[in-house]
Every structure is written in structure tokens, then in C-alpha cells.
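See below for the structure under consideration.
None of the figures in this text is laboratory data; all of them are computed from the coordinates on show. Here the structure is a predicted model, which means the values were calculated and not measured. Here the Cβ is made from the backbone with ideal geometry for all residues, glycine too, and neighbour counts use every protein chain on show.
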Amino acid sequence: MSSQDKYASKGAEFEDENCWSKSMTTLFKTETHLSFVKPKALYTMESIGLPDVGVAPIAISESLSLFSQEAVDIMRSEVLADEV
């Protein structure tokens with residue numbers, strides 16, 4: 001099943017594979033709305049005193065950025081809108 005088929009079954013509208021909208025008229029555009037910035041630091045399980053515990057070697061990280069400010073503003077306006 002393509003991602004278009006997967007989301008179309010949930011009511012999403014597509015212009016292309018990288019551009020879709022689940023609600024309202026705002027389209028999510030990966031090239032505009034994603035803005036990944038790596039965290040400044042990663043902390044391992046060993047560094048927090050828990051070696052050989054858990055399923056992954058990374059315990060936590062400093063905060064990171066995933067969305068552009070424009071995307072955050074759009075999501076906030078959709079979440080706070082009367083019509084869902």
C-alpha cells in the first residue's frame with residue numbers, strides 16, 4: 001500500500017507524495033516544514049550509570065528541533081481551531 005493510499009483512506013488530500021493535508025487547507029511540505037537540527041549532546045545508558053540496561057545504547061538527548069516555526073504555527077492554529 002502506498003503512503004497516498006494509506007492516508008487517503010483517512011481523508012487526506014494529496015498533491016504529490018511529499019505534500020498532504022489531513023485537515024483544513026494547509027499542505028505539509030517536507031522541504032518547507034521540516035527543519036531537523038541535531039541535538040547538541042547525546043547521553044548513553046553507560047554515561048548515566050546504567051550500562052547494559054534497556055534496548056538501546058542512547059538514554060537521552062538535549063532538545064532537538066524537528067519542525068520549522070511556520071510548521072509549528074500551523075499545527076498550533078489547527079489544534080486550537082474550533083473545527084477539528
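Placing a pseudo-label 7 Å from each Cα along the Cα-to-Cβ vector at L64 and T30 gives an inter-label distance of 1.6 nm.
Return the FRET efficiency for the residue pair T44, A81: r is the Cβ-Cβ distance, R0 is 30 Å, and the value is rounded to the nearest 0.05. Result of the calculation: an efficiency of 0.15.
Relative protection proxy for 32-45, 53-66, from highest mean packing down: 32-45, 53-66 (other beta-carbon atoms within 10 angstrom).
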